[in-house]
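Accompanying notes for the structure given below.
The values are calculated or read from the model by the stated rules, or taken from the named source; none is laboratory data. A quick note: this is a predicted structure, and the numbers were derived from the prediction, not measured. All Cβ positions, glycine included, derive from the backbone under ideal geometry; neighbour counts span all protein chains shown.
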Amino acid sequence: MARARTGDKDSKLVEAAISLFLERGVRGTTMQHIARRAGVAVGTVYLYYKDKGAIVRRVAFAFAEQHDAFAEGVLGTRRGPRRKLLDYILGFYDMWVPFGQNDQGAVELADAVLTHAPETPGIAQQKFLDTVAAILQEGKEGDWKVGNPQVEARWIALSTTAFFPLAGTPSEHPLRQSLGREELEGLLKWMLDKVEN
């Protein structure tokens, strides 16, 4: 039976699992690998997680927790809505990049997350929409030309999806070039110029 998680060991195990899953793939990572990378005994891994599926599930929720803390941090700053929107979406992009690659480890991790924590992509999507809508609402209370922040948050999400590919999906885009952080920032600034007075 898995033990209740304590912060330090759980964090070490999650960090070790993420790095190993991305490097070696989920199938190529053993509990022994995770224990060695985390600097704990194999038995400790099994005290916290009954199997690799449980670790994958924890990794998915750890990403969600990291995202939640990041979103709350951005919303809590004293910066204006333009800076918040740029900071949030570009920061989310930076968090996402390792998981959106098309190498074998990221593909296996994405597949494992969909198997062991299928609800997490929907949770992340809703948090993204809610965060963007909160920033748009703040802008609307100023002088931004925003109708319904929830609806317009969906339009922003749809407009930026090419920058957040799911691992294993084709990386070719209609423009026949990679889309990166600079292009995302350019798109966001163009959008913001349209809503600001």
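Given the criteria under 27 Å from Met31 (Cα atoms) and touching a helix residue (DSSP H, G or I) at 6+ places or on another chain (Cβ under 7 Å), does Ala71 qualify? So Ala71 does not fit the description; no.
Does Ile89 satisfy the condition of being crowded, with 21+ Cβ neighbours inside 10 Å, of a type in the set (A, V, I, L, M, F, W, C) and over 30 Å from Ala162 (Cα atoms)? Judged against the criteria, Ile89 is not a match. Residues that are under 18 Å from the mean Cα position of the chain (by Cα) and in contact (Cβ under 8 Å) with a residue 24 or more places away in the chain were ranked within region 131-144; the one that is farthest from Phe61 (Cα to Cα) is Val132. Every listed requirement among (1) of a type in the set (Gly, Ala, Ser); (2) within 17 Å of the chain's Cα centre (by Cα); (3) within 30 Å of Pro149 (Cα to Cα); (4) modelled with pLDDT of 95 or more is met by Ala17 save one, (3).
For region 14-45, the set of residues classified as of a type in the set (Ser, Thr, Tyr) and in contact (Cβ under 8 Å) with a residue 24 or more places away in the chain consists of Thr44 only.
Those helices (runs of 4 or more DSSP H) of region 19-119 in which 2 or more residues are closer than 24 Å to Glu152 by Cα occupy 52-75, 81-96.
Please verify whether region 1-14 includes one or more residues that are modelled with pLDDT under 95, surrounded by 14 or more Cβ atoms within 10 Å (Cβ to Cβ) and either part of a loop (DSSP other than H, G, I, E, B) or of a type in the set (A, V, I, L, M, F, W, C) (or both). Yes, the conditions are met somewhere in region 1-14. The single condition from (1) surrounded by 15 or more Cβ atoms within 10 Å (Cβ to Cβ); (2) without any contact (Cβ under 8 Å) to a residue 12 or more places away in the chain that Ala69 fails is (1).
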